[in-house]
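See structure below.
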Amino acid sequence: MSSVPLLNQLNKKLNEDPANASALAEGIKYQEYELEVDGNPATVNIPLREASNFEARIVNITTPLTRKLVKMLLREFRGIRG
């Protein structure tokens, strides 16, 4: 039964340390952005298919970025905090 490649891959993933697991979804390419949120640097990852829309939106924001606004943007553009 251990000769089945899919079972080997699943067993390997189950035995991995969850702290080493990536928060980024497999197969999706992300663009990384450095933002200043409430005066502190923050990294967000936006899927490439949403990157141009995110850039157009972030350029038009005139107020300082807050955690609440960044969470809303991440939800809207399917992003992940880095």
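The values are calculated or read from the model by the stated rules, or taken from the named source; none is laboratory data. The shown structure was predicted, so the numbers you read here are calculated from the model rather than taken from an experiment. As a convention, Cβ positions derive from the backbone with ideal geometry for all residues, glycine included, and neighbour counts pool all protein chains shown.
When you scan the stretch 19-36, do you find a residue that is at pLDDT below 80 and part of a helix (DSSP H, G or I), even just one? Reasoning before the result, please.
Taking the stretch 19-36 and keeping what is at pLDDT below 80, we get 19-26.
Those still in the list that are part of a helix (DSSP H, G or I) too: 19-20.
Yes, the stretch 19-36 has at least one match.
Contact list please: Cβ distance under 6 Å, first residue in the stretch 60-82 and closer than 18 Å to ALA25 by Cα and at pLDDT below 95, second residue assigned to a helix (DSSP H, G or I) and of a type in the set (A, V, I, L, M), pairs at least six apart or on different chains.
none
For residues that are in contact with a Lys or Arg (Cβ under 8 Å, 6 or more places away or on another chain) and assigned to a helix (DSSP H, G or I), scanning just the stretch 45-59, find the one that is surrounded by the fewest Cβ atoms within 10 Å (Cβ to Cβ).
LEU48
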